[in-house]
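J.: The structure that follows is given in the form of structure tokens.
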Amino acid sequence: MPGEGERKISLVGATNVDRVEAPVTLKAYLMCAFAAFGGIFFGYDSGYISGVMGMDYFIHLFTGLPYPPPGATSDQRAYFTLPSWKKSLITSILSCGTFFGALIAGDLADFIGRRITIIAGCGIFIVGVILQTASTALGLLVAGRLIAGFGVGFVSAIIILYMSEIAPKKVRGAIVSGYQFCITVGILLASCVDYGTQNRTDTGSYRIPIAIQMLWAIILSTGLFFLPDSPRYYVKRGKLDLAAKVLARLRGQPIDSEYIQQELAEIVANHEYELQLIPQGSYFNSWHNCFKGGLRKPSSNLRRTILGTSLQMMQQWTGINFIFYFGTTFFQELGTIKNPFLISLVTTLVNVCSTPLSFWAIERFGRRPLLIWGAVGMFTCEFIVAIIGVTDGQNHAAVSAMIAFICFYIFFFATTWGPGAWVVIGEIFPLPIRSRGVGLATASNWLWNCIIAVITPYMVGTDKGNLGARVFFIWGSLCVLCWIYAYLLVYETKGLTLEQVDRMMEETTPRTSSKWVPTTTFAQEMGLTDKGMLDPAIVEDVERKGSVV
Ligand code: BGC
């Protein structure tokens, strides 16, 4: 058996644009879908902490305050709470870790591979969780959350990259939406576990919700251990024989089938094309490449990086985490709701149950219409909530109507912007900058997630901005911006291979992108021999450059 790189690889190139991807078996679909499980981390980790910080035992242990007596007045109960700075530190330190984790992971994924980076993320996460579980004071808890956040950053960025790169084009949107579905399940699981342990009067009250997360990491890393890495990663590293081998596994086809050859030839030819436009160079140069090409050219690397990072920022600007982080407090302050926890359980359930609709809608209607119409749906609901709130916010029936519209709003988010933002960031970057681009975009999601978590209490706190339902005017206005943004800037990427997306962004504008159809293949343009083989010089060049990256 020849060693890596020893075997001379020759590839049949496709001239037919429909032949650039192999047909796929059910087993292959399931392999691609498994990685979505990583979403559970994201959701659970952002979801469990608010419940834990409200638990009596936790407050008592982490503040030293005596328990409020039975029949305590509302003032006594209000006093028995974590100070705001502790809440803010405990919550936001995770996003700080995830922010840096996502950036670093983008780097690592090009060196050690997508799959191993995710497995490493699971390992780091487990260390962080063990520290948090062991903690009985603030220092260790915060350190544990920072380290766990690092791991979540690794997982959340690289799962998107991995899934987008291994999924077949017809179902790529649906498969990446599966990741969003797992995020929503994670949030739901977190509130159920919190609910189950909140009244315990021992360390189990917070240790159980924290420790349980190790299970997600163990399942994901064990599963990934048996899955292949992304063929595009191997192409980037110049290991084309390995790329062919994993592609054959992922598509469930024999390695020497023409389909596998043609799909690989297309990935190789596209990579060579991109390298000619922007050569790789040193480590710093490869980061610098994410910001090259200028602002004027819509397909430049800089524009794609701005598109990815701003799309994730806009996703946070929809205000969704206001509901998931502060929903309980908001409903309590409305005054008419007896069981705020139940209402927040309902909103979480609406989120879980609506998301699967996106599996179908994202492939049926495409990314662009989903983001445009999703924003319209969200701002309509948010403005209605705000208007009801300021006109008749104390009335029981009005509050029920507000809750109903908040649920419609979540429905719109869960079926459009929730999955859509993740799907699009996995698709818009060319291979030479893809891992860093996705890392940057994911880091932007966590950064804005954190900023919103920090400033929202000041906007709605009764002792601060006290905006009450008026805060929905702000979220509604931001959703209007999301609508304009999607209309002007988001490309339609449905049904294209990642290489075709790359070409489409060069040849069209967001508004005309849905009409774009591929007319040539990269293999054809970069050079096919008269026997229909990809020019061996390209293959050699990609192998040589990959080995020095
Ligand atoms: C967002 C999260 C949000 C979740 C809700 C994700 O796509 O990035 O911030 O909490 O959706 O389902």
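J.: Can you name every one of the helices (runs of 4 or more DSSP H) wholly within the stretch 230-298 that holds 2 or more residues which are at pLDDT below 90 and open to solvent by 50 Å² or more (accessible area, probe 1.4 Å)?
T.: Fully inside the stretch 230-298 and qualifying: 258-277, 283-288.
J.: Something else now. If you check T309, T328, T305, which single one turns out to be within 21 Å of P419 (Cα to Cα) and within 15 Å of the ligand (Cβ to nearest atom)?
T.: That would be T309, the only listed residue that is within 21 Å of P419 (Cα to Cα) and within 15 Å of the ligand (Cβ to nearest atom).
J.: Looking at (1) part of a helix (DSSP H, G or I); (2) surrounded by 17 or more Cβ atoms within 10 Å (Cβ to Cβ), which is the one condition that is false for P68?
T.: Failing condition for P68: (1).
J.: A further question follows. Looking only at helices (runs of 4 or more DSSP H) that fall completely inside the stretch 339-444, which ones have 3 or more residues that are over 30 Å from D107 (Cβ atoms), open to solvent by 20 Å² or more (accessible area, probe 1.4 Å) and more than 12 Å from the ligand (Cβ to nearest atom)?
T.: 340-364, 367-392, 396-415
J.: Okay, moving on. Would you tally the residues in the stretch 505-525 being modelled with pLDDT under 90, assigned to a helix (DSSP H, G or I) and buried (at least 22 other Cβ atoms within 10 Å of the Cβ)?
T.: So the answer is 2.
J.: Would you point out the residue of the stretch 456-502, among those that are part of a helix (DSSP H, G or I) and either of a type in the set (S, T, N, Q) or without any contact (Cβ under 8 Å) to a residue 24 or more places away in the chain (or both), that is most open to solvent (accessible area, probe 1.4 Å)?
T.: Y458
J.: While we're on this one: So if I check each of D502, D541, which one is more than 30 Å from L371 (Cα to Cα) and at pLDDT 75 or above?
T.: None of the others qualify; the one that does is D541.
J.: Checking the condition open to solvent by less than 10 Å² (accessible area, probe 1.4 Å), more than 16 Å from V490 (Cβ to Cβ) and touching a residue at least 60 places away in the same chain (Cβ under 8 Å), which residue from F330, F322 passes?
T.: The unique qualifying residue is F322.
J.: Sort out which residues of the stretch 98-136 are open to solvent by less than 50 Å² (accessible area, probe 1.4 Å), farther than 27 Å from P432 by Cα and not in a helix (DSSP H, G or I), and write them in order of number.
T.: S135
J.: Kindly indicate the residue of the stretch 193-206 that is assigned to a helix (DSSP H, G or I), more than 16 Å from the ligand (Cβ to nearest atom) and more than 20 Å from C122 (Cβ to Cβ) and also most open to solvent (accessible area, probe 1.4 Å) among those meeting that condition.
T.: Here the answer is Y195.
J.: Restricting attention to the stretch 165-174, does a residue exist that is within 16 Å of the ligand (Cβ to nearest atom), aliphatic (A, V, I, L, M) and open to solvent by 10 Å² or more (accessible area, probe 1.4 Å)?
T.: The answer is yes, given that some residue of the stretch 165-174 is within 16 Å of the ligand (Cβ to nearest atom), aliphatic (A, V, I, L, M) and open to solvent by 10 Å² or more (accessible area, probe 1.4 Å).
J.: Further question on the same structure: Which one is modelled with the highest pLDDT among residues in the stretch 178-192 that are open to solvent by less than 30 Å² (accessible area, probe 1.4 Å) and over 25 Å from L161 (Cα atoms)?
T.: The qualifying residue modelled with the highest pLDDT is A190.
J.: Sticking with this one: Going by the structure shown, is G97 within 23 Å of the chain's Cα centre (by Cα) and more than 15 Å from the ligand (Cβ to nearest atom)?
T.: When the stated conditions are applied, G97 passes them.
The values are calculated or read from the model by the stated rules, or taken from the named source; none is laboratory data. All of these numbers come straight from a predicted model, not from anything done at the bench. Every residue, glycine as well, gets a Cβ built from its backbone with ideal geometry; the counts of neighbours run over all protein chains shown. For accessibility, only protein heavy atoms count, side chains too; no ligands or nucleic acids. Shrake-Rupley method; radii C 1.70, N 1.55, O 1.52, S 1.80 Å.
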